[in-house]
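S.K.: The structure is given below, and queries will be raised subsequently.
The values are calculated or read from the model by the stated rules, or taken from the named source; none is laboratory data. None of these values were measured; they are calculated from a predicted model. Glycine gets a Cβ as well: all are built from the backbone with ideal geometry, and neighbour counts include every protein chain shown. Just the protein is used for accessible areas: all its heavy atoms, side chains included, with ligands, DNA and RNA removed. Shrake-Rupley method; radii C 1.70, N 1.55, O 1.52, S 1.80 Å.
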Amino acid sequence: MSAPENTLRVPDSKLAHLDACLTGDVGYKKTTGLESWDFENQAAANISLDHINVETTLAGKKISAPIMIAPMTGGVARGHELNRMLFRAAEKWQLPVGVGSQRVALENAQRAAYFHIREDAPSTTVFANVGAGQFCKGWGVEEAKRAVDMIEADALYVHLNPIQEACQGGDVDFRNLTNALATICKGLKAMGIPVFAREVGFGLSEAAARTLIDCGVAGLDCAGAGGTSWAKVEALCAADPAYRKYGMMFGEWGIPTAEAIQNVRRASKDIPLVATGGIRNGLDVAKALALGADVASLARPMLQAADVGPEAVDQFITELVGGLKIAMFGIGAADLDGLKHTPLLIKNK
Ligand SMILES: Cc1cc2nc3c(=O)[nH]c(=O)nc-3n(C[C@H](O)[C@H](O)[C@H](O)COP(=O)(O)O)c2cc1C
């Protein structure tokens, strides 16, 4: 693919990311790998579609379905507006939701106002978000706690995005990663705040998952390839031609989501696992869970729906939950335990 023509030159990277994700060609050509799996139809189960139970828990709190609104934005007016819509939907549906990186608001108190959204989702599960790069550069438990307090979060996501950072000329010194992450996990655990580590869309290997688990994370998001390519997003946002090239060069880099889920499960049978990256409908959610995830999470499709309006978000979530339940109905799984332990997920190639 040649360098994108609609290169954005918006000064604020948060705004540029929103524009690129809403208007740019930022999807992987590579697929999630979920299409390589099919459920075997079960036509003779004693089951009612209307009695399928998809309730579960995440970060110690009950959620109504294993579906998350992935961390995306905040820190700018448009991001605040979109977050408010997504948070209201999360509250209505009792789904977990995250904010995008809070770095800008931790560095500049004025921007914190754009993260005041807890009032839109007073009771559902909310994740704060800080990049691992900031902790490697010296931020510690104090900054992590400030991020959590800023949005009255239930848990903290520490995002790992080395390839994205390298393709944007960002923070690329991760030599202190495991020490820094272990300190954050220990410090927040002592305050009763779970720390989850997450990729942003390039996927976790088994070795990476083991390393993160050894740091003491309370959960992981294996965010794999097959959905939004963060290298392509950076290519669209880059002003420097070299970084535009790097972004396109690494546009297909990453471990597909289906593999990333299995990688984490090889590292640990029971670490709470969110799967993001190319999840696009309720059947994808069902396959992600049958492969080993506890919750499936969506970013760009939620953003696109929010860009249309609250009814579109509501309709999209209705169809996600509906599609998940139909998949469970079709394999005779009345609850998530049945889905996660189904023998009916079969590799088709
Ligand atoms: C506009 C936008 C901004 C994002 N910003 C962040 C971020 O600040 N922190 C983070 O952990 N992930 C961020 N992500 C990554 C998503 O959470 C997700 O991992 C990735 O987009 C893959 O999911 P998808 O294929 O459903 O889009 C962002 C995604 C989008 C669409």
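S.K.: Relative to the Cα centre, what is the charge dipole magnitude of region 292-349, using +1 at the beta carbon of each Lys and Arg, -1 at the beta carbon of each Asp and Glu, and rounding to the nearest 20 debye? List each step's numbers first, then the result.
M.R.: Working: 5 positive and 7 negative charges, 85 e Å.
That gives a dipole near 400 debye.
S.K.: So what's the convex hull volume per residue for the Cα atoms of region 296-349, in Å³?
M.R.: Working: hull volume 5.6 nm³, N = 54.
Value for region 296-349: 103 Å³ per residue.
S.K.: Set the bar at 20 Å for Cα to Cα. Now go through LYS269/LYS325; LYS61/LYS92; LYS287/LYS340 and name every pair that lies beyond it. List each step's numbers first, then the result.
M.R.: Details: LYS269/LYS325 24 Å; LYS61/LYS92 15 Å; LYS287/LYS340 9 Å.
Beyond 20 Å between Cα atoms: LYS269/LYS325.
S.K.: Residues with amide H under 5 Å of ALA225's amide H, sequence separation 5 or more or different chain, H placed in the peptide plane at 1.01 Å from N; which?
M.R.: Excluding prolines and chain starts, which carry no amide H, the hits are GLY203, ILE255, THR257.
S.K.: Can you run phi through the Karplus equation (6.51, -1.76, 1.60; θ = phi - 60°) for region 15-26 and list ³J(HN,Hα) in whole Hz, with x for Gly and Pro?
M.R.: Each residue of region 15-26 in turn: 6, 4, 4, 4, 4, 4, 6, 8, 10, x, 8, 10 Hz.
S.K.: What figure, in Å² to the nearest 10, do you get for the accessible area of SER48 with a 1.4 Å probe and non-protein molecules left out?
M.R.: 50
S.K.: Sticking with this one: Taking H as built 1.01 Å from N, whose amide H comes closer than 5 Å to the amide H of ALA155, not counting residues under 5 places away?
M.R.: Distant-sequence amide H within range of ALA155: VAL126, ALA128.
S.K.: Sticking with this one: If you take the square roots of the eigenvalues of the alpha-carbon gyration tensor of the chain and sort them as a ≥ b ≥ c, do you get rounded (a/c under 1.5), prolate (a/b over b/c) or oblate?
M.R.: Numbers: a/c = 1.43, a/b = 1.32, b/c = 1.08.
Verdict is rounded for the chain.
S.K.: Would you mind counting up the charge near PRO310? Only other residues with Cβ under 14 Å from its Cβ, with Lys and Arg at +1 and Asp and Glu at -1. Could you put the intermediate results ahead of the total?
M.R.: Numbers: positive: ARG84, ARG88, LYS92; negative: GLU81, GLU91, ASP120, ASP307, GLU311, ASP314.
With Lys, Arg at +1 and Asp, Glu at -1, the net is -3.
S.K.: Sticking with this structure for a sec: Let me spell out the model: positive unit charges on the Cβ of Lys and Arg, negative unit charges on the Cβ of Asp and Glu, origin at the Cα centre of region 13-347. What dipole size does that give, in debye rounded to 20?
M.R.: On the way: 32 positive and 37 negative charges, 107 e Å.
Result for region 13-347 is approximately 520 debye, rounded to the nearest 20.
S.K.: Long-range amide H contacts for ILE67: which residues qualify at under 5 Å (H placed 1.01 Å from N, peptide plane, sequence gap of 5 or more or a different chain)?
M.R.: Close amide H contacts, sequence-distant or interchain: ALA296.
S.K.: What is region 195-349 by shape, rounded, prolate or oblate, if you read a ≥ b ≥ c off the alpha carbon gyration tensor as root eigenvalues and call it rounded for a/c under 1.5, prolate for a/b larger than b/c, and oblate otherwise? Provide the component values of the computation, followed by the final result.
M.R.: Working: a/c = 2.02, a/b = 1.25, b/c = 1.62.
Note, shape of region 195-349 comes out oblate.
S.K.: Apply the Karplus curve 6.51 cos²θ - 1.76 cosθ + 1.60, θ = phi - 60°, to the phi angles in region 306-318 and return the couplings in whole Hz, x for Gly and Pro.
M.R.: Result, ordered by residue: 5, 5, 7, x, x, 5, 5, 5, 4, 5, 5, 5, 3 Hz.
S.K.: Read phi for every residue in region 118-133 and hand back ³J(HN,Hα) as whole Hz from Karplus 6.51 cos²θ - 1.76 cosθ + 1.60, θ = phi - 60°, with x for Gly and Pro.
M.R.: 4, 5, 7, 9, x, 10, 7, 7, 10, 10, 6, 8, 9, x, 4, x
S.K.: Please tell me the relative contact order of the chain in percent, rounded to the nearest whole number, where contacts are Cα pairs under 8 Å and at least six residues apart. List each step's numbers first, then the result.
M.R.: Numbers: 766 pairs, mean separation 83.1, N = 349.
After rounding, I find 24 percent.
S.K.: Right, something else. With angles folded into 0 to 90 degrees, how steeply does helix 141-150 sit against the dominant principal axis of the chain? Use alpha carbons for both and round to 10.
M.R.: Between helix and principal axis, roughly 70 degrees.
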